[in-house]
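These notes concern the structure reproduced below.
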Amino acid sequence: MGLRPVVAPLLEIHILPATLPKADRLQAVLIASGNALAGLPAVYRPLKLLAVGDASAGHARAAGFAQVLSADGDAEALAALTDRQCDPAGLPLLLAAGRGQSLALAAALRARGFRVIRRATYAAIPARVLPPIAASTLRAGNLRAALFFSGETAHLFVRLLNNSGLREAVRGIDACAIGEPAAAAIETLPWRRVLRAAKPTQDAMLALLR
């Protein structure tokens, strides 16, 4: 697209040891983030894997999973995909997630009659300060847009930005939010505009920059 990205991670991913069920006792594996994949053993690769979006599905295929389906959306879309692809009367589902995350998704699937084994395979540790590259680029005043891919990182950015004294530096920048939770968090800052993706996908976020 001719743009220069400034990558500023606000979460540090730590893989967690998890007690996981045997592969032959599972109907499918669900992931709401590609970060969950590193904690899964190779013996799971023949299982059906349902991913929240195309990016996480691509990571799963690259990791060797043979049966990968993408919900191309959010947690609600992943629950709907599970409804179509899995049998509530069948073997349990493994929901591999971040520590403290995907609790609502697990509850929604159980409400649909599925047996869900939720395991935390990673933890997302919040940054304590705004990444230096983000702070320096904001001070330079040459950013066109800032993209927020989750409500969690949007809330964290607002706090870190305020702590750094750079709140006014976003006035000439468009903020792009992947969903309403992210938009609600960043609307507290004086952006030029807050734009919302038509779908909670990477492609829809990039479309906001065209």
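Things to note:
- Test for Ala154: is it touching a Ser or Thr at 6+ places or on another chain (Cβ under 8 Å), within 27 Å of Leu78 (Cα to Cα) and not in a strand (DSSP E or B): no
- Leu105 vs. criteria crowded, with 17+ Cβ neighbours inside 10 Å, in contact with a strand residue (DSSP E or B) (Cβ under 6 Å, 6 or more places away or on another chain) and either more than 20 Å from Glu152 (Cα to Cα) or hydrophobic (A, V, I, L, M, F, W, C) (or both): no
- Candidates Ala23, Ala51, Ala28, filtered to the one that is in contact with a helix residue (DSSP H, G or I) (Cβ under 6 Å, 6 or more places away or on another chain), modelled with pLDDT of 95 or more, over 30 Å from Ala207 (Cβ atoms) and surrounded by 12 or more Cβ atoms within 10 Å (Cβ to Cβ): Ala23
- Search result, residues across the range 1-32 that are within 20 Å of the chain's Cα centre (by Cα) and free of Cβ contacts under 8 Å to residues at least 24 places away in the same chain: Pro5
- Residue satisfying condition, being farther than 30 Å from Thr137 by Cα and either touching a Gly at 6+ places or on another chain (Cβ under 8 Å) or hydroxyl-bearing (Ser, Thr, Tyr) (or both), within set Ala51, Ala38, Ala23: Ala51
- Subset of the range 58-97 [of a type in the set (Asp, Glu) and buried (at least 16 other Cβ atoms within 10 Å of the Cβ)]: Asp72, Asp74
- Index of the failed condition, Gln101 passing every other in (1) within 18 Å of Leu26 (Cβ to Cβ); (2) not in a strand (DSSP E or B): (1)
- Pairs, first closer than 14 Å to Leu94 by Cα and touching a residue at least 40 places away in the same chain (Cβ under 8 Å) in the range 105-127, second part of a loop (DSSP other than H, G, I, E, B) and hydroxyl-bearing (Ser, Thr, Tyr), C-beta under 8 Å, six or more apart: Arg119/Thr19
- Applying the set (1) assigned to a helix (DSSP H, G or I); (2) more than 13 Å from the chain's Cα centre (by Cα); (3) modelled with pLDDT under 95 to Asn35 leaves exactly one unmet item: (2).
The values are calculated or read from the model by the stated rules, or taken from the named source; none is laboratory data. Computed from a predicted model, the values in this text were never measured in an experiment. Neighbour counts are summed over all protein chains in view; Cβ atoms, including those assigned to glycine, are modelled from backbone coordinates with ideal geometry.
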